[in-house]
1. Out of the residues in the stretch 203-256 that are at pLDDT below 85 and basic (K, R), state the one that is farthest from V50 (Cα to Cα).
2. It is to be established whether one or more residues within the stretch 143-162 are surrounded by fewer than 14 Cβ atoms within 10 Å (Cβ to Cβ) and part of a helix (DSSP H, G or I).
3. Just to be sure, is V52 open to solvent by less than 20 Å² (accessible area, probe 1.4 Å) and either in contact with a helix residue (DSSP H, G or I) (Cβ under 6 Å, 6 or more places away or on another chain) or within 22 Å of E171 (Cα to Cα) (or both)?
4. Suppose we filter A7, A13 for residues that are surrounded by fewer than 16 Cβ atoms within 10 Å (Cβ to Cβ) and either at negative phi or more than 14 Å from the chain's Cα centre (by Cα) (or both); which single one remains?
5. Pick out, from the stretch 1-83, the helices (runs of 4 or more DSSP H) lying fully within it that include 1 or more residues that are among the hydroxyl-bearing types (S, T, Y).
6. Hey, among the residues in the stretch 53-74 that are at pLDDT 85 or above and within 20 Å of the chain's Cα centre (by Cα), which one's farthest from A247 (Cα to Cα)?
7. Given the criteria in contact with a Pro (Cβ under 8 Å, 6 or more places away or on another chain) and basic (K, R), does R161 qualify?
Amino acid sequence: MDTVSLAVLLLLAAGASYVQTLTGFALGLLMMGGVGLTGVVPLEDAAVLVGVLGIVNAVQVLAKGWRDIARREFLLVIFISLAFLVLGYWLLGLLLAASLDWLKLVLGAIIVLSSIQLLLQPAPLEKPSGPVSFLFFGAIAGVMGGLFSTAGPPLVYHFYRQPLRPVVIRETLVAIFAVNGVLRLLLVTGAGNIPSASLWWGLLCIPVVMGFTLLARRYPPPLTPIGMRRVAFSLLFLSGLSLAGPAFLKLFGDFS
């Protein structure tokens with residue numbers, strides 16, 4: 001990896017980890033979108049790197065907050081998401097075998113849909129949702145996590161509707177993403193899909209993520225939660241559209 005590519009990767013990790021700490025789920029989406037646009041590392045390697053960085057971020061966040069994890073909701077989601085994560089990883093292999101443009105199209109579409117979800121204000125429920133709903137959203141998150149290490153959006157929407165304290169929601173989500181990240185790394189290793197050498201340079205992102213996670217917790221921006229969501233929406237929407245648009249034209253442009 002050349003110096004410019006490494007610098008771009010470090011900048012992506014810095015911005016993504018900062019936003020992740022403030023919103024609870026944007027690290028994977030922003031990293032994957034940025035990598036897809038810049039091409040600094042292969043997308044499949046980026047998904048592995050995102051998993052590693054997500055675990056690092058989770059260790060920092062949960063070091064003091066693990067007692068706030070909602071055990072019932074955590075276990076329900078983990079039970080189903082781990083199984084569907086295997087399905088998502090299998091689908092990633094199919095997309096890679098078909099075409100890189102298909103991979104970019106699916107990733108871009110996921111990022112765009114996730115950004116739109118950020119603007120939705122989930123109506124809070126008076127009573128906690130039943131087990132089936134957590135299994136349903138956990139399954140969707142598992143597939144997305146297996147594909148691109150981006151399991152956040154469906155679970156974020158569902159959890160923020162629950163009558164739980166914000167700190168409980170945040171810590172539970174971070175714990176779920178960390179466990180999913182560990183399993184995905186095990187899947188990659190077990191399948192023998194050794195990442196390219198660029199991934200090892202990408203591990204320099206770890207101290208960057210640690211530093212910007214602390215920075216976001218100590219010095220959050222002077223924005224309201226709604227303002228922060230709008231900033232995250234803009235970043236995600238533009239990156240997703242820029243990624244999916246050209247891929248769509250390459251795949252279906254001849255039909256117009």
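The values are calculated or read from the model by the stated rules, or taken from the named source; none is laboratory data. All figures in this text were calculated on a predicted structure; none of them were measured in a lab. Because the Cβ atoms are built from the backbone with ideal geometry, glycine has one as well, and the counts that use them run over all protein chains shown. We work out accessible area using only protein heavy atoms, side chains counted, and drop any ligands, DNA or RNA first. Shrake-Rupley method; radii C 1.70, N 1.55, O 1.52, S 1.80 Å.
1. Top of the filtered list is R230.
2. Checking the stretch 143-162: not a single residue is surrounded by fewer than 14 Cβ atoms within 10 Å (Cβ to Cβ) and part of a helix (DSSP H, G or I).
3. Spelling it out, it is not the case that V52 is open to solvent by less than 20 Å² (accessible area, probe 1.4 Å) and either in contact with a helix residue (DSSP H, G or I) (Cβ under 6 Å, 6 or more places away or on another chain) or within 22 Å of E171 (Cα to Cα) (or both).
4. A7
5. Because the criterion is at least 1 residues that are among the hydroxyl-bearing types (S, T, Y), the helices (runs of 4 or more DSSP H) in the stretch 1-83 that meet it are 3-23, 26-38.
6. The selected residue is I69.
7. It is true that R161 is in contact with a Pro (Cβ under 8 Å, 6 or more places away or on another chain) and basic (K, R).
To keep it simple, each residue is scored yes or no on (1) of a type in the set (F, W, Y); (2) loosely packed, with under 15 Cβ neighbours inside 10 Å.
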position	(1), (2)
Y219	yes, yes
L223	no, yes
G240	no, no
L249	no, yes
G253	no, yes
